[in-house]
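Okay, so here's the structure we're looking at.
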Amino acid sequence: MAGKNDLKYMERCLDLALKAEGMTYPNPVVGSVIVHEGKIIGEGYHIKAGGPHAEVMAIGSVRNKELLTSSKLYVSLEPCSHFGKTPPCTDLIISHKIPEIIVGTTDTSDKVSGKGLSKLKAAGCKIILGVAEEECRWINRRFFAFHEKKRPYITLKWAQSSDGFIDVRSEGDYKTGPGWITGNTERILVHKWRASEQAILVGAQTVRADNPLLNVREWYGTNPLRIILSGSGSLPGEIAMNNLTGSQVIFTFYPDKINMPGSVVVKLNKNEPSAVQIVDYLYNQGVQSLFIEGGAKVLDHFISSGLWDEARIFSGFQIFKNGIKAPVIEGKLFSKTKFSKSTLEILLNNFVSIF
């Protein structure tokens, strides 16, 4: 049974884990603290794939290793028990004779899936499981979706006017440049979101109208894989993202029409929805998360296919009266935040909840 202070220490694990959000793919984000007689004597988090895991960092930070034999180790995710790029964390924990391990949630990937807990129990460690379990699963929702649903975690994002339009332009209006609905604070937040995702997708209409870069400029982090869905293969000869470094993938029914050197072109078939083909391709490429920024047709396509987990919707105060209608979506309200120029609502898909 969890003690009265276990939640407090697990929340510290969560805070540590989130310091590396977006930087650990394909690994999960994990935080760990070590407590001796009510005092934290060590802590750490997994910084990047191939580097030491959170438990290793926490144990390594303890100055007096003799205290470990009478300490508690807290970790937001089940310790690994297999050899990967680093040795098993369970072996290190056992070697230091740490008697009690408090775990946020199990690791449901095939390589772990309870094996770490079983190994620790066999070595005589006391295990407490499920402290702040929902929160521990939430911070790794991309990791869990990938391993449990066999597809990336899919986040939709758009901004709409107060009367429900995402742009004043009609579908045939190709003016270059976005029509801003939100303020600078919201734009910085969007770049922070981009840095947390492995891939970002827009449709050809958005490319033609807005000429987006789809990179991280207003925040520190790695640029996501850029993806364009262009069924017709009709794309401008010169687009801004062609001048960027990094990978780019184009999905189309007519690959011969694509003239974008350096891009991977994937031919779509007409026997199944494009959304299904895209997420299958990304899963096979090991991509755990997909961030979809538009346009309306692409968003509607993923919504109608049921392929979304989270929707982040900014509603501005402008009244457009006409233009491109915003998508219609139903989901569970997760949070609502007010900014100076908009309100952000985050919805979760009731039908594909990770909990």
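The values are calculated or read from the model by the stated rules, or taken from the named source; none is laboratory data. It should be emphasised that the depicted structure is a prediction, and the values quoted were computed from it without experimental measurement. Every residue, glycine among them, receives a Cβ derived from its backbone with ideal geometry; neighbour counts consider all protein chains shown.
Against the conditions (1) in the same structural domain as ILE34 (by TED's automatic domain parsing); (2) under 19 Å from the mean Cα position of the chain (by Cα); (3) touching a residue at least 40 places away in the same chain (Cβ under 8 Å); (4) outside any helix (DSSP H, G or I), where does TRP158 fall short? Just the number, please.
(1)
Considering each residue of the stretch 97-117, count those that are under 19 Å from PRO52 (Cα atoms), touching a Lys or Arg at 6+ places or on another chain (Cβ under 8 Å) and surrounded by fewer than 19 Cβ atoms within 10 Å (Cβ to Cβ), and give that number.
Number satisfying all stated conditions: 0.
Pairs only if they're at least six apart or on different chains, beta carbon under 9 angstrom, first in the stretch 36-64 and polar (S, T, N, Q), second part of a strand (DSSP E or B) and buried (at least 16 other Cβ atoms within 10 Å of the Cβ); list them, first residue then second.
SER61/ILE34; SER61/ILE41; SER61/GLY42; SER61/GLU43; SER61/GLY44; ASN64/HIS36; ASN64/ILE41
Only one of ILE329, ILE303 is touching a helix residue (DSSP H, G or I) at 6+ places or on another chain (Cβ under 7 Å), within 21 Å of GLU197 (Cβ to Cβ) and either β-branched (Val, Ile, Thr) or not in a loop (DSSP other than H, G, I, E, B) (or both); which?
Unique residue meeting the criteria: ILE329.
Determine, yes or no, whether MET23 is farther than 13 Å from TYR74 by Cβ, under 24 Å from the mean Cα position of the chain (by Cα) and either in a loop (DSSP other than H, G, I, E, B) or not charged (D, E, K, R) (or both).
Answer is yes for this residue.
Within the set of pairs 6 or more residues apart or between chains, which connect a residue that is over 21 Å from PRO28 (Cβ atoms) inside the stretch 80-99 to a residue that is β-branched (Val, Ile, Thr) and assigned to a loop (DSSP other than H, G, I, E, B) with Cβ atoms less than 9 Å apart?
HIS96/VAL62
Being farther than 28 Å from SER274 by Cα and part of a helix (DSSP H, G or I) is the filter here; which residues of the stretch 177-226 pass it?
ASN184, THR185, GLU186, ARG187, ILE188, LEU189, listed by residue number.
Out of the residues in the stretch 61-91 that are assigned to a helix (DSSP H, G or I) and within 28 Å of the chain's Cα centre (by Cα), which is surrounded by the fewest Cβ atoms within 10 Å (Cβ to Cβ)? Spell out the reasoning first.
First, the residues of the stretch 61-91 that are assigned to a helix (DSSP H, G or I): 61, 65-70, 89-91.
Subsequent filtering for residues that are within 28 Å of the chain's Cα centre (by Cα) retains 89-90.
Numbers: CYS89: 28, THR90: 25.
Among residues in the stretch 61-91 that are assigned to a helix (DSSP H, G or I) and within 28 Å of the chain's Cα centre (by Cα), the one surrounded by the fewest Cβ atoms within 10 Å (Cβ to Cβ) is THR90.
Of everything in the stretch 251-300, what is of a type in the set (Gly, Ala, Ser), in a loop (DSSP other than H, G, I, E, B) and modelled with pLDDT of 95 or more? Give them in sequence order.
Narrowing the stretch 251-300 to residues of a type in the set (Gly, Ala, Ser): 262-263, 274-275, 286, 289, 294-296.
This time we only want the ones that are in a loop (DSSP other than H, G, I, E, B), so: 262-263, 286, 295.
Of everything in the stretch 251-300, just one residue is of a type in the set (Gly, Ala, Ser), in a loop (DSSP other than H, G, I, E, B) and modelled with pLDDT of 95 or more, namely GLY286.
Rundown of residues vs (1) acidic (Asp, Glu); (2) farther than 20 Å from HIS191 by Cβ; (3) touching an Asp or Glu at 6+ places or on another chain (Cβ under 8 Å), yes/no style:
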| site | (1), (2), (3) |
| --- | --- |
| GLY246 | no, no, no |
| MET260 | no, yes, no |
| SER263 | no, yes, no |
| ASN269 | no, yes, no |
| GLU272 | yes, yes, no |
| TYR281 | no, yes, no |
| VAL287 | no, no, no |
| ILE292 | no, no, no |
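Return the pairs, sorted by first residue and then second, in which the second residue is surrounded by 15 or more Cβ atoms within 10 Å (Cβ to Cβ) and among the basic types (Lys, Arg), the first residue lies in the stretch 265-276 and is assigned by TED's automatic domain parsing to the domain that holds LEU299, the beta carbons are less than 8 Å apart, and the residues are 6+ apart or on different chains.
none
Residues in the stretch 315-326: is at least one assigned to a strand (DSSP E or B) and within 21 Å of SER196 (Cβ to Cβ)?
Step one: of the stretch 315-326, the residues assigned to a strand (DSSP E or B) are 315-316, 324-325.
Then keep just the ones that are within 21 Å of SER196 (Cβ to Cβ); that gives none.
The answer is no; no qualifying residue exists.
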